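No lab work stands behind these numbers, since they all come straight from the coordinates. The shown structure was predicted, so the numbers you read here are calculated from the model rather than taken from an experiment. Here the Cβ is made from the backbone with ideal geometry for all residues, glycine too, and neighbour counts use every protein chain on show.
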C-alpha cells in the first residue's frame, strides 16, 4: 500500500519532465495556467478541506498574474457547444468542468487533447466515489494509498499557496521589480503546479489496474482507462514533447502496462527540472565519505543523525535540554522561496556531475552518498553467505544477506529464482524440469541423516547392556537383559504351540523354539 | 505313508480352476493350511500379499509367481534392509501399500520406485515424516496412476511438483492433510497431470485460486475437499463453471460455503452421482432442494447437520429416485419427513439417521416397507425407537448388513429377537443399550452367524452367558467391544478364546478379569492384533506374560491403568515384535526405568507411543531420540 503510494509519487516526479516540455511549448500561456488550475477543482470535489480564502486567493493570483478573466467561468455554467460523449454520461457530476473545457477551447489545436486528458482524469476521480460500491471486485484500488496521495497533494498545494501569497505581497510592495525576477517566480510556481498536476494524474492512474481487473465495468470505463493510460504515458516519458501524439494512443491496456512496469529508478531518472530552477550543490569526496555529518560544536564528536547530536548536546549543559533546543529544527517553508536544492557528484565525467552534458542531478544528500559509494568506490563488503556478492553500501549488503541463500528457489537445471512462483512458472514452461530440493536445512524431510545421528548418540549410552546398533537388530538387545528363569516359573507352564501367522498361515515357515535356551528365557523371536 | 486324497488326482489346471472360485480370504486360508499341494496351488494363484513381518519377504516372494500387489502397512519396521529384500521381485509389482512406513529412507524409496517399473498404485499415507525428498524419490515411478500421500506432513509444493512432473499419468491423487501444499502446487498439478480423475485435497489451506486451476481439469471425476476452510463461494463457483466430467463432489465441513454456490455447481453438473455436503450448512434452502431436481442420476446425498423440512424431503424423494445412499445425521428429521423420503427413494441401501431423536417406530416401519434392499441403517441416539422398529426391520429388510443402534435405550431383548431375523448382519452396534441382556444376545448369535463386528460398549446387562452364545454362533467375529460390561468374568474370556478370527478386542475396565482370563484369551485368539485392557486392574503380570508369549500378532495395545510391573512391561514390549502402537499411561507399578527398558526393547518397531508427560524428564533423551529417529511418534499426555 505504502509502496503503491511511493510509486505514485515517483511517477509524478517522473512525468514532470514531459509536462515541462509541454509548458515550454506553450510559453506559459493563459490556457495552461487555467489547466494547471484545474486540480484544485478536483481536490474540492474530493471533499478535501479547502478554505474559501485559499480559493479566493488563488483566483486572485490567477487574475493578477496575467489577467485570466476567463477563469472566472469556473463557477458558472458557460454555454458550451462542444460536449463530448463523456460529458453526457457524467452530467450528474457535482463539479463543473465546463470552465476547464472552455479554457481548453481556447487552447491551440495541439493543446486540446491535453486538456481533455485532464477532463477524463477528473471524471475518473468522480467515478471513484460512484463506482466503488457497485464493483467490490476492484481489489487493486487502495483507498488508503489514494488518501495519502491526496493529502500529499493537499500539502503541496498549501505550500504553493504560501508561495503565491508571498509573490503577491512582494508585488504590492515593489512594483518596480525586474521582469527577470517576475519571470523566475512565475517559472517556479509553474513548475510546482506542473508537478501537482502530474501527481494528480498518476493518483487517478492508480485506478487503472482496477479498471483492468474489473470485468463488470462497461466500455465507457474502458474509454476512461484509455484516457488514463494516456495520462500514464505522459508520466512515463513515452510521449515527450508532442502533445498531439497522445491522440493516437487509444489502447488502454498498452498504456496500463507501461504504467505498471515503471520502476523507481526510471522515475528518478525522469526528473528533469529546467536548469536554473534549482540550486546545484556539490559535496567534496571527503565530505561524502565521512561517516558522520553532524558534529558537536563543543567536543567535536560526530553523529550520523541530527537527532542523536541533539541528544548528545544535553550533556553539555542545561541550555540544551529545553524543549526548544531538543525539538526538530523547524523547516521555514513559508518565509523564503528557497530554490530547490539538487546535488552534483564530485566525480568528473559522471552523469551526475554538473559538468556532464546530460547532467542529471541527485535529489538528496543521501542519494549523493549512496551514488558515490556505489559507483565510484570499492566494494568492500562481501556477503558472508555466498562470498561472491560485494557491496560498497552496507545497507545493500544487509538487504542482500537477508535473501541470499535462504530463499533461493532452485530448479533441477541449475537456474535459481528468488521467488517460488517464478520457479514454478519456469518448471511449468520446460518439460522435465523439477524443483530441486536444497540439501542443507532440509529440516524434517532429512530424516535419514538425523536418524543415523540419533542412533550414534544412543550408542554412546551406557545402560548396563551394550547397544551395538539400535537400528541393526532391535530384538537382539532385549535378549541379553538377563531375566532369570526362576522369576518366570509360571511362564513355563504355558504350552508352546507352533506359532501361527494370522494373515498368511506361514506357520511352517517359522521355527519357534520350544525350549528355553541356556536356562534363561529367550525371547520367542521371529527373527531367529 | 501319506494317504492321497482323491481330489489330488485331479490335474493342477482343474484344481486351480476350482481354487480360483474361492473368493473369501478365510476359505483360501483353510485351503492352503490343508496340505502342501494345496499350498503350492494357492501360491501359484496368489496375487495379493499382506505381510506381517518383512523377514518373510525373501522366502515368500520367489514362491508367489503371480504376486502383483504387496501390502507392508502392518509390518512393524520397513527400512532400507527390508526394501533391499524386496527389490529382486519389484518389477512385477503393480500395487504397493507402504502406509505408516515412516522409517523408510528416501534413497531406498527411490531405489524401490526405480525398480518397480510397472508400479501403478502406491500408498504412502500416514508416513508423517515424509516430505519433499520422499516425494522426489517416488517421482521415479513414471507409470504411477494412483498415489496416496495422506498425512505426509512435510510434503510441500516442491514435493508435489516433483511428483506431478515425474508421474504425468497420475489419475488418482490424495493430498489429504498435506498442510504445506498451497495454491501454487495445485496450479502446477493442473498444468502437468492432465489425466487426473480423482483428487483429494481435504483439509488443505488452499484458497479460491486453487479451485480456479482445479476447474480446468477436464477429466476430473471426483473432488474431495473436506474441511477446506479458506474456500468460499467464489472458489466453488470456479468448480461450477469447470470440471466438465465431475461426478463426485465432497464439500463436507467447508463452513464458508453458501447454498447458492452449491446450487450453481449442481446447475453446471447435472450428471453428478455423489454429493457430500455434511456439516456445511445450518439449514437447507428451498432453492437448493429445487435445484436437486436437475440431478436425475444422483445416487448419494449427504447433508448431515443441516435442518431439513419435511416438504424438502418430499421434493427430494419425488425428483431423485435413484438415490441409494442418504445421510441425514443430526438433521432432526421427523417421521413425516422420512415417510416422504422413502415413498420416492425405494432403492435406498444406506440410510444415516444418526441423532434424529424425534423418529419413532412409524418412521422405521415406513423405511422397512419401502426400502427392501436396505443394507445399512444408522440409528444412533434415536431414543424413541422400540422393539416395534426392529420387528419391522426383521420382517422386511432381509439383506440388512449393518445396523447401528448405539444409545437407543428403547432396544431390549425382544427387539433383538426380531432383529435376529436379519441373518445377513455383519456389523451390529449395541453400545449403551442398557436394556439388553444375555438372552437377547443369544437370539442374535443363534441366527446371525455372519456377524464380524459387535459393539457392546457399556451394555451392563451382558455377562458370560452372552459371550458363550456369541462364541458358539458368531465364529467369524473379528471385532468386539466389551468395555465396561462389568458382568464379564474370566469364564467369558474362556468362551471368547474359541473365536479364532477375533483380531480386535476392547475390554476397558473389566474389573472381574484376572490373569487367568487374559491367558486363556491370548492362548485362543491367536489373530489378536488390537487389544485394549485399559483399567483392567485385576490382571497381574502372569497374564501379561501369557500375552507376551502368545499374542505375537499384536499390533496395538493399551495397557493404561493396568497393574503391570516393570518386568511384565518389558516382556510385553520386548516379545511382541509386531507391536506398533502402545498406550502406557498411569502405570502405577512401573518405574521410569522400567518404561525406558521396555521402550528400548521395542524401539525399532514402535510407530506410535503414548506416555505420561511426567516421564518426559525421567526418560533418557537418547531413547526419545532413537524412537523419533525410527519414525515413532510420541504423544505425551
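Can you give me the three principal axis dimensions of region B:5-159 from its C-alpha atoms, in Å, biggest first?
That gives 62, 28, 25 Å along the principal axes, largest extent first.
Hey, fewest Cβ within 10 Å first, where do B:544, B:56 land in order?
Numbers: B:544 28, B:56 19.
Going from sparsest to densest Cβ surroundings: B:56, B:544.
For a label point 7 Å from the Cα of residue B:636 along Cα→C-beta, name the residues of region B:579-611 whose backbone N is under 12 Å from it.
B:611
Quote the relative contact order of region B:519-637 in percent (integer), defining contacts as alpha-carbon pairs under 8 Å separated by 6+ residues.
On the way: 244 pairs, mean separation 25.0, N = 119.
Reported as a whole number, the value is 21 percent.
Be a star and scan region A:374-391 for residues whose amide nitrogen sits under 14 Å from the point 7 Å along the Cα-to-Cβ vector of residue A:289.
What the label zone holds, given the 14 Å backbone N cut-off, is A:374-381.
Among B:218, B:453, which comes first, second and so on when ranked by fewest other beta-carbon atoms within 10 Å?
Details: B:218 12, B:453 18.
Ordered from fewest to most neighbouring Cβ atoms within 10 Å, B:218, B:453 come out as B:218, B:453.
Taking 1 over the mean of 1/r across every pair of different Cα atoms in region B:587-637, what Kirkwood radius in Å do you get? Intermediate values should be presented prior to the final figure.
Numbers: mean 1/r = 0.0921 Å⁻¹.
Evaluated over region B:587-637, this radius sits at 10.9 Å.
In percent, how large is the relative contact order of region A:381-429, given Cα pairs closer than 8 Å and 6 or more residues apart?
23 percent
If you look at just the Cα atoms of region B:519-637, how large are its Rg and its Dmax in Å?
In Å, with Rg to one decimal and Dmax whole: 13.0, 40.
What is the list of residues in region B:45-59 whose amide nitrogen lies under 17 Å from a point 7 angstrom out from the Cα of residue B:33, following Cα to Cβ?
B:50, B:52
Counting partner chain Cβ atoms within 10 Å of every residue's Cβ in B:613-622, what's the average? Spell out each step's value before the answer.
On the way: counts 0, 0, 0, 0, 0, 0, 0, 3, 4, 10.
So the per-residue partner count for this stretch is 2.
With each run of n ≥ 4 DSSP H residues scored as -39500 (n - 2.57), what mean residue ellipticity at 222 nm is computed for chain B after dividing by its residue count and rounding to the nearest 500 deg cm²/dmol?
Details: 27 runs with 237 residues, N = 637.
One gets -10500 deg cm²/dmol as the mean residue ellipticity at 222 nm.
Between residue B:362 and residue B:616, how high is the FRET efficiency from 1/(1 + (r/R0)^6) when r is the Cβ-Cβ distance and R₀ = 56 Å? Nearest 0.05. Let's see the in-between values first.
Values: r = 57 Å, r/R0 = 1.01.
The pair residue B:362/residue B:616 has a calculated efficiency of 0.50.
Using Cα pairs closer than 8 Å and at least 6 residues apart in sequence, work out the relative contact order for chain B, in percent. Could you put the intermediate results ahead of the total?
Working: 1713 pairs, mean separation 31.3, N = 637.
Relative contact order, chain B: 5 percent.
Could you give the nm distance between label points at residue B:472 and residue A:162, where each point is 7 Å from its Cα heading toward the beta carbon?
My value for the distance between the label points is 10.7 nm.
Going by how many other Cβ atoms sit within 10 Å of their own, how do A:364, A:415, B:11 line up, fewest first? If you can, show how the numbers build up before the last one.
Working: A:364 11, A:415 15, B:11 8.
The order, fewest Cβ neighbours first, is B:11, A:364, A:415.
For residue B:460 paired with residue A:314, estimate the spin-label separation in nm (one decimal), with each label point 7 Å from Cα along the Cα-to-Cβ line.
Label at residue B:460, label at residue A:314, 7.6 nm between them.
Under the 0.36 nm per residue contour assumption, what length would be gained going from the current alpha-carbon distance of residue B:332 and residue B:14 to full extension?
Details: separation 318, 0.36 × 318 = 114.48 nm, distance 5.74 nm.
Roughly 108.7 nm would be gained on extension.
At a Förster radius of 45 Å, what calculated FRET efficiency corresponds to the Cβ-Cβ distance of residue B:118 and residue B:244, to the nearest 0.05? Kindly include the intermediate steps, with their values, before the conclusion.
Working: r = 31 Å, r/R0 = 0.68.
That pair, residue B:118 with residue B:244, gives E of 0.90.
Would you please give the FRET efficiency between residue A:307 and residue A:415, computed as 1/(1 + (r/R0)^6) with r the Cβ-Cβ distance and R0 = 51 Å, to the nearest 0.05? Numbers along the way, then the final one.
Details: r = 46 Å, r/R0 = 0.89.
In this case the efficiency is close to 0.65.
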